[in-house]
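The values are calculated or read from the model by the stated rules, or taken from the named source; none is laboratory data. Bear in mind that the values here come from a model prediction, so they are computed numbers and not experimental data. For neighbour counting, all protein chains shown are included, and Cβ atoms are generated from backbone atoms with ideal geometry for every residue, glycine included. For the accessible areas, the whole protein counts, side chains as well, though only heavy atoms, and no ligand, DNA or RNA atoms are used. Shrake-Rupley method; radii C 1.70, N 1.55, O 1.52, S 1.80 Å.
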Amino acid sequence: MDLGIAGRKAIVCAASKGLGRACAMSLAREGVDVVISARTVGPLEATADEIRRATGVRVVTVASDITTEAGRAAVLAACPDPDILINNAGGPPPGDFREWTRDHWIAAVDANMFTPIELIRLTVDAMIQRGFGRIVNITSSSVKAPIEVLGLSNGARSGLTGFVAGIARKTVKHNVTINNLLPGPFDTDRMRSNFYHIAQVQGITVDEAREIRRKQNPSGRLGDPAEFGDACAFLCSAQMGYVTGQNFLMDGGAYPGTY
Ligand code: NAD
């Protein structure tokens, strides 16, 4: 299927690795020029080269912290008028809520709630004027089913989800959609660091923690980031203009609810 987005411009935040990288690759395969951001130059440039070699699209890199005002400004300076915005940032650390101070909460809200809201604010009106926009926020399955050790994520991402629900119905008549893509367990660096935490807490090895998680999932495996990237590209397609304000769970069937 031709997704009808060749020649469009996308910002993909936090995209040197993992799910952000996969989204950038899938969009690039559809002929979308991408601006990708991450904090560290080396992995960011390596990813940019891989995307260029695989797809031939224009890839611009911005080495900045997307959770800061300067970081967001640098990304927007590289792509002031994106047709597609993929919001992403590192997730908050796991832990016990009794140990979290205001600073922990502010950092989590900054990264996983305020940053996407701010990038939406700074890009959505121009999308509306141009009559096309696709915004996808990478959130988490924790929005539907909280993960005990990820209380900072459960809370901050739920705030973003509530905000998006409120505005996504206002933009769709201009062919600007805003949706959330909710990863369950995907095989990325982030997931590997979670296994490390679980292994420490439960007194097991990292491999054992991974094996338990794999077997727990109805699919019997962890998700492949490439699957996530392709779903993201489809959400950004011309065909998806009638879908907004939705939360798409990709978790191998782990969420047990009927709805
Ligand atoms: P990852 O660690 O594999 O990759 C994260 C990417 O974001 C890297 O490129 C990193 O450089 C970049 N990054 C992190 N903080 C940044 C910042 N402040 N500014 C710019 N770039 C930044 O992580 P991932 O697994 O791809 O996860 C992406 C998001 O999805 C995270 O918020 C994570 O919590 C969430 N998530 C992941 C899973 C999973 O199974 N992988 C599940 C649920 C939620």
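Only protein atoms count toward the accessible area here, which uses a 1.4 Å probe; on the chain, the carbon and sulfur part of that area reaches 53 percent. Over the C-alpha trace of segment 18-106, radius of gyration and Dmax come out as 15.1, 49 angstrom.
What is the diffusion coefficient of the chain in µm²/s, taking the Kirkwood radius over Cα pairs and the Stokes-Einstein relation at 20 °C with a viscosity of 1.002 mPa s? For these conditions, the coefficient is 116 µm²/s.
Going by average Cβ neighbours within 10 Å, how do the peptides 42-53, 25-36 rank, with the highest at the top?
Averaged packing, sorted descending, gives the order 25-36, 42-53.
One decimal place: the segment Gln129-Ala145 gains 2.1 nm when fully extended, by the rule 0.36 nm per residue minus the C-alpha distance. Along the charge dipole of segment 5-97, which of Ala22, Gly56, Gly91 sits closest to the positive end, that is, farthest toward it, with unit charges on the beta carbon of Lys, Arg, Asp and Glu (+1, +1, -1, -1)? Farthest towards the positive pole: Gly56.
The dipole here belongs to the chain: it is taken about the Cα centre, uses +1 on the Cβ of Lys and Arg and -1 on the Cβ of Asp and Glu, and is about 480 debye.
Rolling a 1.4 Å probe over the heavy atoms of the protein chains gives segment 107-230 an accessible area of 45 Å² per residue.
By per-residue mean of other Cβ atoms within 10 Å, what is the highest-first order of 69-76, 210-217?
69-76, 210-217
Once the Cβ-Cβ distance of His197 and Arg169 is raised to the sixth power relative to R0 = 35 Å, the FRET efficiency obtained is 0.40. Between the alpha-carbon centres of segment 119-139 and segment 211-233 there is a gap of 28 Å. Under 5 Å from the amide H of Val35 lie the amide H atoms of Ala10, Ile11, Val12, Val60, each residue being 5 or more positions distant or on a separate chain, with H modelled from the backbone and absent for Pro and chain starts. Between Thr205, Thr115, Thr123, the residue with the greatest mean-square fluctuation in the GNM of the chain (Cα pairs under 10 Å linked by springs) is Thr205. Cα centroid separation, segment 77-100 to segment 242-259: 20 Å.
Full extension of the chain between Gln239 and Arg102 yields a length gain of 45.1 nm, computed as 0.36 nm times the residue separation minus the alpha carbon distance.
Considering the chain as a Gaussian network with a 10 Å cut-off on Cα pairs, which listed residue, Ala233, Ala156, Ala78, attains the greatest mean-square fluctuation? Largest GNM mean-square fluctuation: Ala78.
According to the Cα-based calculation, Rg over Rh for segment 73-182 is 1.02, with Rh computed by the Kirkwood formula. In this entry, segment 170-259 is assigned a mean projected area of 7.3 nm², taken as a quarter of its C-alpha convex hull surface.
For the cross-link pairs Lys144/Lys215; Lys17/Lys173; Lys17/Lys215; Lys170/Lys215, the ones whose C-alpha atoms lie over 32 Å apart are Lys17/Lys173; Lys170/Lys215.
Judged by the gyration tensor of its Cα atoms, with axes a ≥ b ≥ c, segment 104-144 is oblate; a/c meets the 1.5 cut and b/c is at least as large as a/b. Dipole of the chain computed with +1 at Lys/Arg Cβ and -1 at Asp/Glu Cβ about the Cα centre; of Cys79, Ser153, Thr188, farthest Cα towards the positive end is Cys79. Residues considered: Ser37, Ser237, Ser219. Largest GNM mean-square fluctuation over the chain, using C-alpha springs under 10 Å, is found at Ser219. Taking amide H as placed 1.01 Å from N in the peptide plane, Met250 has its amide H under 5 Å from the amide H of Leu182, Gly184, each at least 5 places away in sequence or on another chain. Per-residue extension of 0.36 nm, minus the Cα-Cα distance of Arg58 and Ala73, leaves a gain of 3.4 nm for this segment.
Computed on protein heavy atoms with a 1.4 Å probe, the accessible areas place Tyr255, Tyr196 in the order Tyr196, Tyr255, largest first.
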